[in-house]
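Notes to accompany the following structure.
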Amino acid sequence: MGPIKFKTWITAVVVLFVLGVLADYYFLHLLFKEKQQQLNGSVPAAAVIRDSNSNTGAYEEQVKPTPTTGDSAPESAAENKDTFLDSLKTCAPEIAAQAIATPEALIEYLRKSIGVKSEDISVENFHLLLKDGSKRRIHVVDSDNTNSKNKKELRLFSVDAEGYPEPVPLKGTETLDSLLAMGQVEGHEVKSQLLLKDGGTVTLETHNNNVFEFQYTHQNKILSCRLKDCQCP
């Protein structure tokens, strides 16, 4: 083997020197700086979890704020948007003039002042807490059996450790009252349709007797709301 040419040797030295500088910059400047920021609190730990965990749902759950007081944490500005009164004035100014300030007050006004011709409850959910600490869900829906008019179908679910419902077989002799007697009702959700005496209609969803979402059709105008975020096109 012949002697290594001086030019080749110089080139090899330069390449090794450049690689050494790059490695030094990465480990001492970038990597060490990131670790130091984590120790100092400038980089949130959740950010590291998000980068190293492909499950974004798990990341979102970890950084989701936990309520500290009351029944729920304050909602974001968008979720707290209140356009109820302005939208009601646009869709039904004569009702807005009755000092109706909330969706609950509107539904009560429609029931008592306008009157309900018919009401159909399509879905009803009950959340139960049993004495042993386990949870159950009771699902009440309209029966698909055309021979059983107005009969409701009962469905029972247990809830696993992750909060997912699992069907529980029923004997067929259960009633809603007997299922409710298993535990304490912690939540109640209802979806219903109201036909008013003046021809108006309301599609309504309530959570624990509070209006969650509704659509009120009145004189060819439609008032749609989720909580107090409303619109009247």
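The values are calculated or read from the model by the stated rules, or taken from the named source; none is laboratory data. Bear in mind the structure is a predicted one, so any value in this text is a computation, not a measurement. Positions of Cβ are generated from backbone atoms using ideal geometry, with glycine treated the same way; all protein chains shown enter the neighbour counts. Just so you know, the surface numbers come from the protein's heavy atoms only, side chains and all, with ligands and any DNA or RNA stripped out. Shrake-Rupley method; radii C 1.70, N 1.55, O 1.52, S 1.80 Å.
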* Compute the distance in nm between two label points, each set 7 Å from the Cα along the Cα-to-Cβ direction, one at LYS131 and one at TYR164. => 3.1
* Asked: What fraction of the Cα pairs in the range 83-126, stated in percent, has a spacing above 14 angstrom?
  -> 55
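So, counting K/R as plus one and D/E as minus one, what does the shell of residues with Cβ under 15 Å around PHE157 add up to?
Working: positive: LYS135, ARG136, ARG137, ARG155; negative: GLU124, GLU153, ASP160, GLU162, GLU166, GLU174, GLU186, GLU189.
That sum, taken over residues with Cβ under 15 Å, equals -4.
Pairs of Cα atoms under 8 Å, at least six residues apart: use those to get the relative contact order of the range 159-220, whole percent.
Details: 60 pairs, mean separation 12.7, N = 62.
Here the relative contact order equals 20 percent.
On the accessible surface of the range 78-233, probed at 1.4 Å, how many percent belong to carbon and sulfur atoms? The partial results should precede the final answer.
On the way: 4710 of 9750 Å².
Reported share for carbon and sulfur atoms: 48 percent.
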* Asked: What accessible area per residue, rounded to a whole number of Å², is obtained for the range 146-199 using a probe radius of 1.4 Å?
  -> 74
* Asked: If the chain between ARG155 and ALA99 were fully stretched, how many nm would it gain, using 0.36 nm times the residue separation less the Cα-Cα distance?
  -> 16.0 nm
* Extending each Cα 7 Å along its Cβ direction at GLN184 and GLU119, get the distance between those two points in nm, one decimal. => 2.7
* Environment charge at THR83 (Cβ cut-off 11 Å; Lys +1, Arg +1, Asp -1, Glu -1) -> +1
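Considering only the other residues whose Cβ falls under 14 Å of the Cβ of HIS218, what net charge follows from Lys and Arg at +1 and Asp and Glu at -1?
Working: positive: LYS89, LYS197, LYS221; negative: GLU94, ASP198.
Spelling it out: positives minus negatives among the neighbours equals +1.
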* **Restraint check, LYS117/LYS171; LYS89/LYS112; LYS197/LYS221, Cα-Cα greater than 24 Å** => LYS117/LYS171
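Report the gain in length on full extension from GLN215 to THR175: 0.36 nm times residue separation, minus Cα-Cα distance, nm rounded to one decimal. Could you put the intermediate results ahead of the total?
Values: separation 40, 0.36 × 40 = 14.40 nm, distance 3.14 nm.
Full-extension gain reported as 11.3 nm.
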